[in-house]
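The values are calculated or read from the model by the stated rules, or taken from the named source; none is laboratory data. These numbers come from a predicted model, not from an experiment. Methodologically, a virtual Cβ is constructed for each residue, glycine included, from the backbone with ideal geometry; neighbour enumeration extends over all protein chains shown.
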């Protein structure tokens with residue numbers, strides 16, 4: 001019987017990188033950063049603004 005080695009290889013790989021918190025470019029709060037070096041809260045705010053702009057263009 002053939003055995004799949006992918007599970008074994010995945011088990012030996014190190015876990016995902018540990019991301020160090022850094023200051024947010026928008027609010028300055030120290031957090032784990034996302035796109036364009038901004039925190040999750042600032043990213044959510046920017047998406048909400050973007051949704052409003054897209055909705056206004058659709059009308």
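I need a count of the residues in region 18-34 that are exposed (fewer than 11 other Cβ atoms within 10 Å of the Cβ) and within 14 Å of the chain's Cα centre (by Cα). Reasoning before the result, please.
Of the residues in region 18-34, the ones exposed (fewer than 11 other Cβ atoms within 10 Å of the Cβ) are 18-20, 28.
Retained after the next criterion (residues that are within 14 Å of the chain's Cα centre (by Cα)): 18-20.
Result for region 18-34: 3.
Only residues that are assigned to a helix (DSSP H, G or I), modelled with pLDDT under 85 and at negative phi were counted across region 12-59, and they come to 2.
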